[in-house]
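The values are calculated or read from the model by the stated rules, or taken from the named source; none is laboratory data. These numbers were taken from a predicted model, which means no experiment stands behind them. Here the Cβ positions follow ideal geometry from the backbone for every residue, glycine too, while neighbour counts run over all protein chains shown.
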């Protein structure tokens, strides 16, 4: 009998992680159980991926090996209390702003708990996942979980005091990047290209740039200098961006997101 993975919350992040795991065939090794307070979300995702959905957490017949808590911070306590009865499960939380100490207060001090901060790239195996384990989490179980999560992208351990920064930079990063991509696409339309062609050009340019920086381990400033010819088109465009405060706006946006992450649990 396959071990089970109970997913509580099938919103954007929960469903992205499930899709990512199924993309890497983990559904052949785990029995996925999908639950959401809006049953249609869990049911539709289960139908698409060939998994099982449940209407009530009391329908869980045996103790899951893994439990993913992918609910909003304001709903977290009630969801956690429903599954705290499981003594031997590994609990994975992606709730922003809820610390390991708070997770232990909801689930039990001696439970195996890991706090995660993923981004939506997990769906295609190109995500970023920060993780922090509870003190009582055995080392051998940490290694197994690291292997399981690594199919979703780059996984790394982070101190809890870094989580709000990771949330702003990586968790919110796809949103910021999407705005930049859309702006570049709109610029392409403005200068005369069809939006479909403009979008393809932008996406491939960003993918190529990111891959080049990663593979060659380049500082982005160095790559910028490589592209900027004296008196050329690139430096002319960058000058206009700098005059508009482009870098400062990006930095302010990420700092605002970080501050918001710090206040999330307090307000919820």
- [ ] Go through (1) in contact with a strand residue (DSSP E or B) (Cβ under 7 Å, 6 or more places away or on another chain); (2) without any contact (Cβ under 8 Å) to a residue 24 or more places away in the chain one by one and return the number of the condition residue 57 breaks.
- [x] (2)
- [ ] Determine which member of the set 42, 16 is in contact with a strand residue (DSSP E or B) (Cβ under 6 Å, 6 or more places away or on another chain), surrounded by 15 or more Cβ atoms within 10 Å (Cβ to Cβ) and either in contact (Cβ under 8 Å) with a residue 12 or more places away in the chain or not in a strand (DSSP E or B) (or both).
- [x] 42
Task: Residue tally, condition in a loop (DSSP other than H, G, I, E, B) and touching a strand residue (DSSP E or B) at 6+ places or on another chain (Cβ under 8 Å), over segment 65-87 - done: 4
- [ ] Spot the failing condition for residue 260; the list is (1) closer than 24 Å to residue 130 by Cα; (2) modelled with pLDDT of 95 or more, and only one is missed.
- [x] (2)
Open item on the list: One residue is enough: does segment 104-116 have a residue meeting the conditions surrounded by 15 or more Cβ atoms within 10 Å (Cβ to Cβ) and out of contact with any strand residue (DSSP E or B) (no Cβ under 8 Å at 6 or more places or on another chain)?
Closed with: yes
Open item on the list: Going by what's in this entry, would residue 105 be described as closer than 30 Å to residue 178 by Cα and assigned by TED's automatic domain parsing to the domain that holds residue 15?
Closed with: no
TODO: Could you list all residues from segment 38-49 that are over 23 Å from residue 145 (Cα atoms) and in contact with a helix residue (DSSP H, G or I) (Cβ under 7 Å, 6 or more places away or on another chain)?
DONE: 45
